[in-house]
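Down below is the structure, laid out as structure tokens.
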Amino acid sequence: MKIFKLIILLILPVIVTIISVMMKDAAGPYWLGVNSDPAYLYLVNSVYLIDGIVPYFTDHPGTTLQWLGVFVIKALSGNISATQMVDNVFTNPERYLHATHYVMLTLYIVTLLALGFYALRKTKNILIALLIQTSSLFFLTLKSYIGGYVLPVVVNINSDTLIMPIANLYVMCVLKLFYDKKPSQYLYSAILFGIICGLGVTTKLTFLPLLLLPIILLPQWRFRVIFAGVFLMTGGVIISTVMSRYREIFHWIQHISLERSSEGKVVAIMKLGIYLQALKGLLIAHWPLTLLIVICVAALVKKFFFSKEGERNFLYRRQTSFISVFILMLIAQFIMVSRHAGPHYMSPAFSLFGVILGFMYLGWNAEQNKKIKYTSIFLVVLTVGFTSYALVYQKKLKQVNQDIYNFSNRIYNEYGEECIVFGFYRSSSLPMAIRFAQGHGNFKHYAKVLKEKYPEALFFNPWHRVFSNFDKNVMLRQVVPSSGCMLMYGSAASFEGSDYLKVEKMEQVHGEKLYRIKFTTLDKAHKYYLIAMVLEEEEIYIKRPTFMHFNRSILVVRGLMSMQSD
């Protein structure tokens, strides 16, 4: 019987493994425009760490994932120099990204198995153990960003993906704390929570709401102090090597949290109407979590008003306390994420879905046969439903990414001989994926190396309006071919109404667009514009309008350098 239960606990991990491998096959290479951000950012920042350089990408902050990338690169490289490692990564980056993905998937499956076995050991109930594992089903189709059929979190190279195994360890700590009875056990729980929460927060700041449970439910202040101390020490050790960049993290948090005027003045913490609208959309989009909150609240109300006095024992109070904190954490997650809503930001909340179901089962006052019957039906329906949807999603994802892959090949094969192609954000090419990551924060440490490795690669920054190669900015007159044919390829940019560029859209496939450049402004107007942008980045708002005025004066004269390609 025991062996049978252990086999049952293998079902969900096996399903998740098979579908994840299928999803990875459907997703295609990470250099596809829809896959490259932030996978290549993390890879390049791992390269920085290997070379003794402090990473520039610290938004998430993602420090643990960057160090995991270092481990993968070194494991695949063997006993060679750091310089050779860097060269190998830039020669074949996909090899290291695929390896990183499979390491994270292995970590998740192993911790999912461990969570199931640990839950069975603690609860002595196979149904509760299975319920706790059901969180894994959500990650099969939880999108890495807002869009159609885009990369699911489970196959992405992102901090949200690494949150998944960390959250499994967190849930194991939750179960341990629930069944703890001795002070020595509480001490170990406080230490374990501190380590795991330190890992979680340095991986992604969206893990912060999960700190509420140990803060509230650890008994006695001394255990909470121990938790806080271990949490700070763990986080401090992880971020110690990148501490000099954490000023940028706080600046980034401030930037996304405050509303500013065009002069840079803070006008509001948030626009309440927009925030509430985003919160409403998030609650609707993630209706399983919303429904779970409603059910939990209803269950607590029923227990409070309708339970008999004799039922309110220690176990009753403990279950009620945990469910109440679960509700609080889910609400905190919604509130935190609504400012900049995205499906992947809800990963920590979805990690709690299964354990909340498990606690609801524990508190369900019903006949045992009835509980077993309806819970079994629920598990089958949930598993079949999510698996079926994931298989449909996988087919759609494969078709979309195959179309984009073919589109990219056609552009560079058909137009590449007579035309030059400027890649911009989310265009599908290996050089563009590396350029986006290596140029993050205007940091170009490997610019000359990459220029030698990819000498023909040219790019366009639609936000700064800059044409460049890996090494430096270029003016169009410096690179225009004899045919006069110049193309721009990418997505997430609009050139309608632009005085700087006049383009003609030629083709589009799933959001990726190909434009023909007709003409652009004089170099002088462009230079004034760039100066104004630098002043804005440095928050020198007094001088900025002067250079924007010079820029617009030149545009009024229509100093257009014709770059006719027809």
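Only the coordinates and a few stated rules stand behind these numbers; no lab work does. None of the values given here were measured: they were computed from a predicted structure. So basically every Cβ, Gly included, is an ideal-geometry build from the backbone, and we count neighbours across all protein chains shown.
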Extended-chain gain in nm, criterion 0.36 nm per residue less alpha-carbon gap, SER324 and GLU367:
13.0 nm
Between HIS445 and TYR316, what is the label-to-label distance in nm when each label sits 7 Å out along the Cα-to-Cβ direction?
6.1 nm
Förster radius 35 Å - calculated FRET efficiency between GLU414 and SER240, Cβ distance, rounded to 0.05
0.10
Nearest 0.05, what FRET efficiency do ILE53 and TRP287 give at R0 = 51 Å with Cβ-Cβ as r?
0.70
Within 13 Å, Cβ to Cβ, of ILE50, how many net charges do the neighbouring residues add up to if Lys/Arg are +1 and Asp/Glu are -1?
-1
Output wanted: per-residue J couplings in Hz (rounded whole) for the stretch 200-210, from phi through Karplus 6.51 cos²θ - 1.76 cosθ + 1.60, θ = phi - 60°, x for Gly and Pro.
x, 6, 6, 8, 8, 5, 5, 6, 3, x, 6
Working out 0.36 nm times the residue gap between GLN220 and SER81, then minus their Cα-Cα distance, what length gain in nm do you get to one decimal?
44.9 nm
If amide hydrogens are placed 1.01 Å from N in the peptide plane, which non-local residues have theirs closer than 5 Å to the one on PHE519?
LYS502, MET563
How many nm separate the modelled label positions at ARG121 and ARG95, each set 7 Å beyond the Cα in the direction of the Cβ?
3.9 nm
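Within the stretch 74-177, which trypsin sites (Lys or Arg not before Pro) sit in a loop by DSSP and count at most 11 neighbouring Cβ atoms inside 10 Å?
Taking the stretch 74-177 and a limit of 11 other Cβ atoms within 10 Å, the loop trypsin sites (Lys or Arg not before Pro) found are LYS124.
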Using a simple charge model, +1 on the beta-carbon of Lys and Arg, -1 on the beta-carbon of Asp and Glu, nothing else, what dipole does the stretch 1-96 show about its Cα centre, in debye to the nearest 20?
560 debye
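Using a 10 Å cut-off on Cβ atoms, rank the peptides 2-15, 194-207, 402-415 from the highest mean neighbour count down.
Packing proxy ranking, top to bottom: 194-207, 402-415, 2-15.
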Starting at the first residue of the stretch 23-29, write each ³J(HN,Hα) from the Karplus equation 6.51 cos²θ - 1.76 cosθ + 1.60 with θ = phi - 60°, in whole Hz, x for Gly and Pro.
5, 5, 4, 5, 6, x, x
Normalising by the residue count of the stretch 2-391, find the relative contact order in percent from Cα pairs under 8 Å and 6+ residues apart.
21 percent
Neighbouring Cβ atoms within 10 Å as the yardstick, rank TRP287, TRP31, TRP67 fewest first.
TRP287, TRP67, TRP31
How much length is gained if the chain between SER376 and HIS464 is pulled fully straight, taking 0.36 nm per residue apart and subtracting their Cα-Cα distance, in nm to one decimal?
26.0 nm
